[in-house]
1. Take the residues in the stretch 19-59 that are surrounded by fewer than 12 Cβ atoms within 10 Å (Cβ to Cβ) and acidic (Asp, Glu), then tell me which one is modelled with the highest pLDDT.
2. Please name all residue pairs, on different chains or six or more residues apart, with Cβ atoms under 9 Å, provided the first residue is in the stretch 42-64 and is in contact (Cβ under 8 Å) with a residue 12 or more places away in the chain and within 15 Å of residue 26 (Cβ to Cβ) and the second residue is open to solvent by 70 Å² or more (accessible area, probe 1.4 Å) and part of a loop (DSSP other than H, G, I, E, B).
Amino acid sequence: MIRRPPRSTQGVSSAASDVYKRQLYGPASEISEKLQGLRDSGVEYVLLNSPGGISTLRRFAKEVMPRFTG
């Protein structure tokens, strides 16, 4: 599991608060569920940024991406 951002955005600017709301952190099942919600609402592309490096991207490819293929 990837470390989550702070739960409270008290004292954080509204722009930063919006960023926190849009980040996907957690187990593969939770990320898949959130991505499916985006897909259902018409989103066709997402931008991935992985501070965990290539190992995190590989884990995403192995555990999340298969839920959205053929």
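The values are calculated or read from the model by the stated rules, or taken from the named source; none is laboratory data. These figures come from a predicted structure and were not determined experimentally. So basically every Cβ, Gly included, is an ideal-geometry build from the backbone, and we count neighbours across all protein chains shown. All accessible areas refer to the heavy atoms of the entire protein, side chains included, with ligands and DNA or RNA removed. Shrake-Rupley method; radii C 1.70, N 1.55, O 1.52, S 1.80 Å.
1. Selected residue: 40.
2. As it stands, the answer is 60/48, since those pairs meet every condition given.
Listed here are the residues, each with its yes/no results for (1) assigned to a helix (DSSP H, G or I); (2) in contact with a Phe, Trp or Tyr (Cβ under 8 Å, 6 or more places away or on another chain); (3) polar (S, T, N, Q); (4) at negative phi.
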position: 30; (1), (2), (3), (4): yes, no, no, yes
position: 35; (1), (2), (3), (4): yes, yes, no, yes
position: 44; (1), (2), (3), (4): no, no, no, yes
position: 59; (1), (2), (3), (4): yes, no, no, yes
position: 62; (1), (2), (3), (4): yes, no, no, yes
